[in-house]
Structures are given as structure tokens and as C-alpha cells.
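Please treat every number below as a calculation from the coordinates, not as lab data. Remember, predicted model here, so these are calculated numbers, not experimental data. Glycine also receives a Cβ, built like all others from the backbone with ideal geometry; neighbour counts cover every protein chain displayed.
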Amino acid sequence: MREEIRRMFSEYQTREKELKILKFRITNFKGIEPDDVIKSMCLSGHEGEKVQTSGPSDRTASAALNYRKVADKLDDDLFDGLLEEYQKKKEEMDFFRFGISCLSGKLPEIITDMVVEGMEWQELSEKYEVSHSMIGKYRKKALEELETIYSIREHSDTAFMLS
């Protein structure tokens, strides 16, 4: 659990970008245009040296309709996968931010500046008028408190699943 929290400290900015990209992909999701594919499958085509000029055969129409069903299912699966990934990542980011807000003393402000805002230790030292080693102590204390918060969540999730 501690490693998960440490990773969140170091990867927070990247995870925020991933979340924004997923949101963009979901809100701009278009999928495959099945009508375009069906039209291209139904158009008359070459048969050797001879050009077919009659309408599409029943077999071609059936294949096109089947393709539409498959394309729709693939679009649905792709969209559902994007949405599920977004919801999972968003929930994790929201809980992490909630955990930061539950820290004691000055820690919520310091850790927000450090992790969420991406401030360097030198900037933090100057802003809070403390040494680098004190920033390290704040970080260590925040990790310990966050570990407790995550542990409580894990235990409540487990209790809920077992009930």
C-alpha cells in the first residue's frame, strides 16, 4: 500500500494528464462509421475481367448487416472500456485528493503544493520557511497518515464485500 501511495506522489501529474486524455476520448468518441463500411461492401466490384453491374447479392447484404452488428458491438466495447478506465482512475485520484485533505496540521497545504501543484522542494522551503529536511519530514508524515487512510478504506471495502 505504501508503494501505491509513493507512486501517486511521483506520478500524480502524469495521472492527471491520463485522466484528461481519457475524458477527451470519451467526450469525442465517434467509433467506426458502419454505414461507410456497409456502403463500400455493397458497391459493385470487379469479377476478373468483367465488371459486375447488378445490385448487391443477398450474401453481400447479409455480410454487410452482420458487419454492422459487429462494428456496433466493438464500438460499445471500446466505449465501455474507456469509460470504465476513466471511472477507475478518477475514483483513485479523487480518493487521493480526499486523503490529502484529511491530513493533520499544515500537511494538506504542503502536500497539495508538493504533489498536486508540482512545486519543487526549494520552492516549498521558501514558501513555508522551513529547511529541506523539514520538507522531507512532512512528506514522510504525510505518507504515514495516507497509509492509515488507505488502510481504513481497504478494511471498509473488505467488510462491505463480506457482508
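Summary of values
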quantity: Helical mean residue ellipticity (222 nm; -39500 (n - 2.57) per DSSP H run of 4+; nearest 500) of the chain; calculated: -26000 deg cm²/dmol
quantity: Reported label for calculated percent of Cα pairs over 19 Å apart given (i) 62; (ii) 69; (iii) 56; calculated: (ii)
quantity: Radius 11 Å from Cβ of residue 112, net charge of other residues (Lys, Arg +1; Asp, Glu -1); calculated: -1
quantity: Cross-link reach list, lysines versus residue 127, counting only Cα pairs under 21 Å and skipping chain neighbours closer than eight places; calculated: 106, 137, 140, 141
quantity: Ranked packing of 140-151, 124-135, most packed first, by mean Cβ within 10 Å; calculated: 140-151, 124-135
quantity: Partner lysines for residue 89 [C-alpha distance under 23 Å; skip if fewer than 8 residues away on the same chain]; calculated: 17, 20, 23, 30
